[in-house]
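J.: If you scroll down you'll find the structure; I have some questions about it.
The values are calculated or read from the model by the stated rules, or taken from the named source; none is laboratory data. Computed from a prediction, not measured in an experiment: that's the story for all the values here. Cβ atoms come from the backbone with ideal geometry, glycine included; neighbour counts cover every protein chain shown. Keep in mind that these areas ignore ligands, DNA and RNA; they rest on the heavy atoms of the full protein, side chains included. Shrake-Rupley method; radii C 1.70, N 1.55, O 1.52, S 1.80 Å.
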Amino acid sequence: MTLPSPAPSLVIDTVVVTTGQLPAIVFEGPGVAPAGFQLRASRQVLPAQLISLGSRWSARVPLLVSSWNGPLLPARSGRYAVIASAVDGSRLPVILPAELPASQLLPTITRVSFAAPDASLAITLSSPLSDRERGRLQQASLESDYRATEYEPLNAVFFESFYGQNASCNPLAIDRALAQLRPDVERYWSVSDASVSVPDGAVALLEGSAEWWRIRGSARLLVVNDWLRKRYRSRRHQTVLQTWHGTMLKKLALSRVRLGLRPAIATLRERARWDILLAQNPYSRGVFRRAYAFTGRVWEEGYPRDDVLLTGDPDRIRARLGIRAGVTVLLYAPTWRDDRPDHVDHLDVAHFAEMLGDDYVTLIRGHSRTLLPGEDVHAPNVLDVTGYPDVSELFLVADALVTDYSSVMFDFTVTGKPVFFFTPDLTHYARKLRGFYFDLIPVAPGPVVSTAEELVTLVRDRDAVQRRFAEKYSAWRERFNPRDDGRAADRVVRRLLAEGIIG
């Protein structure tokens, strides 16, 4: 009787973190090099440079990477698994060294930590906070100082978008306009880690760093598009401009279905921190007043993030995304589900793209709340752009939008291009999850469908659909895009200057 051969495995006997201009994690071991080696997180893969060294092999994983053909930046924070593969593509079990390196800080880049749960190797990359800034006790001390200190006012702007996950949306457009109109005003961006690229001339502030706390307490203007969260303290010299991040179909804040007492109290506390609220249109103004019981100033200037839809260069973005010439680009951008926060692909976009064929490419864009928990979709003629920093640039390159209840429907119509609504869970979402402020179906600027087959048929006949919905589309734009003329950011900045909010 012949015993089966043991499954091949990869022995790692050395793990080293190298520093310098091109920092990396280097793995080495005896024997033949694997066919593939990478570190894999939910929305980022770090490939290794493999080298055979006679009787040994080496795999060097750079910690500076380029995303979307952009500059080299530190890899995104997260938990990475070590994936080694054989020639046939099968995964190789990994035998680990007896001792793993201690956690190592690479200043301004990342912090690397190692663990071996279940005999597998996991590597965690995190924000490069110093030892005096990192940890619960250190943060409590910094927060205590922040609350107790009366800072000298600084003629600067503190920007934050989606809790520092990227530099985008209305804050980014306002930053661009401010840089043109008043280049002498200092601009700071709150970032969750060093992987976030900030605009030219701006300074990145790692959330939780001593400098982050200082600027947050001294800057005269804070521009945010989501909650400031519980660690913010209002100061007399500061103004908070809450731009928010979309006109709303689905209910929010105090309007939500079955809202509990604690969320209601948190909502009221948060809204009390805002001095000015930016509204895209008169409809949004009314909803904000009710949903947040907001009695402060509301500026109805259009949405700065939509300026690029009339002034941007779609060819540049198309090249950055690597989209080949001659194909029709569809952007599928659904909202998130409160009961399935990590699930993006409600359409089964892989099957949808297969039905459309090679003349189309579908960009799938998850909501900002699905960026960390979700997984990228990999399929022919599909490009997952959930991690792309600015959704407005995706509107620019898309020939048509497919959405459901997302606020992107109110931005995309600035382009005049077709919109399709895929809503298989319409009743469930309306009655049990969020509820809506108005009935979408009678006023929608495009068809509302519930099956992929219907959607494919309509997408293939976009021009006819656009003609059929021309009257509703026009009425929609008149209601929701009256001031989206490419100059909203300029108006907002000039108003901030005129009122002396920034000097």
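J.: When only residues in the range 118-137 that are without any contact (Cβ under 8 Å) to a residue 12 or more places away in the chain and open to solvent by 40 Å² or more (accessible area, probe 1.4 Å) count, which is nearest to LEU206 (Cα to Cα)?
T.: ARG136
J.: Suppose we keep only residues that are open to solvent by 40 Å² or more (accessible area, probe 1.4 Å) and under 30 Å from ALA444 (Cβ atoms) within the range 249-270. Which one would you say is farthest from the chain's Cα centre (by Cα)?
T.: Among those residues, the one meeting the criterion is ARG258.
J.: Conditions first: (1) of a type in the set (Gly, Ala, Ser); (2) open to solvent by less than 40 Å² (accessible area, probe 1.4 Å); (3) part of a helix (DSSP H, G or I). ALA140 passes all but one, so which condition is the exception?
T.: ALA140 satisfies every listed condition except (2).
J.: On to the next question. Out of all the residues in the range 192-209, which are touching a Phe, Trp or Tyr at 6+ places or on another chain (Cβ under 9 Å), of a type outside the set (Gly, Ala, Ser) and under 22 Å from ASN155 (Cβ atoms)? So that I can check it myself, show each step before the final result.
T.: Our first condition is that a residue be touching a Phe, Trp or Tyr at 6+ places or on another chain (Cβ under 9 Å); within the range 192-209, this holds for 192, 196, 198-199, 202-207.
Pick out the ones that are also of a type outside the set (Gly, Ala, Ser) and you get 196, 198-199, 203, 205-207.
Scanning the range 192-209 gives VAL198, PRO199, VAL203, LEU205.
J.: When you look at PHE412, is it in a helix (DSSP H, G or I), hydrophobic (A, V, I, L, M, F, W, C), within 26 Å of the chain's Cα centre (by Cα) and modelled with pLDDT of 95 or more, yes or no?
T.: Yes; evaluated as a whole, the condition is true for this residue.
J.: Starting from the range 374-386, take each residue that is among the hydrophobic types (A, V, I, L, M, F, W, C) and list its partners that are open to solvent by 50 Å² or more (accessible area, probe 1.4 Å) and not in a loop (DSSP other than H, G, I, E, B), counting only C-beta distances under 9 angstrom and pairs at least six apart or across chains.
T.: Correct list of pairs: ALA379/HIS351; ALA379/GLU354.
J.: Starting from the range 202-217, keep only residues that are at positive phi, then list their pairs with residues that are not in a loop (DSSP other than H, G, I, E, B) whose Cβ atoms are within a distance under 9 Å, requiring at least 6 positions of separation or different chains.
T.: Pairs that qualify, where the first residue is at positive phi and the partner is not in a loop (DSSP other than H, G, I, E, B), are GLY208/GLN138; GLY208/GLN139; GLY208/LEU142.
J.: Considering the range 31-51 alone, what residues qualify as being open to solvent by 20 Å² or more (accessible area, probe 1.4 Å) and farther than 29 Å from GLN165 by Cβ?
T.: Selection gives GLY31, VAL32, ALA33, ALA35, LEU50, ILE51.
J.: Starting from the range 283-294, take each residue that is closer than 19 Å to ILE265 by Cβ and open to solvent by less than 40 Å² (accessible area, probe 1.4 Å) and list its partners that are polar (S, T, N, Q) and part of a helix (DSSP H, G or I), counting only C-beta distances under 7 angstrom and pairs at least six apart or across chains.
T.: ALA291/SER255; TYR292/THR267
Residue by residue, here is whether (1) over 16 Å from the mean Cα position of the chain (by Cα); (2) over 23 Å from ASN170 (Cα atoms); (3) modelled with pLDDT of 95 or more holds:
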| position | (1), (2), (3) |
| --- | --- |
| GLY302 | yes, no, yes |
| LEU310 | yes, no, yes |
| ASP339 | yes, yes, no |
| ASP376 | no, yes, no |
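J.: Still on this model: From ARG229, ARG220, ARG271, which residue is under 18 Å from TRP189 (Cα atoms), touching a Gly at 6+ places or on another chain (Cβ under 9 Å) and not hydroxyl-bearing (Ser, Thr, Tyr)?
T.: Going through ARG229, ARG220, ARG271 in turn, the sole match is ARG220.
J.: On to the next question. Only one of ALA489, ALA475, ALA464 is under 28 Å from the mean Cα position of the chain (by Cα), assigned to a helix (DSSP H, G or I) and aliphatic (A, V, I, L, M); which?
T.: ALA489
J.: Could you grab the pairs with beta carbons closer than 8 Å, sequence gap of 6+ or different chains, first residue in the range 442-469 and of a type in the set (Gly, Ala, Ser), second one part of a loop (DSSP other than H, G, I, E, B)?
T.: Cβ pairs passing all conditions: ALA444/PHE469; GLY446/PRO418; GLY446/PHE469; SER450/THR423; SER450/PRO424; ALA452/LEU347; ALA452/ASP348.
J.: Have a look at GLN238, GLN242 and point out the one that is modelled with pLDDT of 95 or more and more than 29 Å from THR413 (Cα to Cα).
T.: Just one listed residue meets the conditions, GLN238.
J.: Would you please list the contacts, defined by Cβ atoms under 9 Å and residues six or more apart or on different chains, that run from a residue in the range 21-48 that is under 16 Å from GLY387 (Cβ atoms) and part of a loop (DSSP other than H, G, I, E, B) to a residue that is of a type in the set (A, V, I, L, M, F, W, C) and open to solvent by less than 10 Å² (accessible area, probe 1.4 Å)?
T.: Note: pairs meeting the criteria are ALA41/ALA75; ALA41/LEU125; GLN44/ALA75.
J.: Now for a different question. Quick check on this structure: which one of LEU268, LEU310, LEU254 is outside any loop (DSSP other than H, G, I, E, B) and closer than 21 Å to MET409 by Cβ?
T.: Just one listed residue meets the conditions, LEU310.
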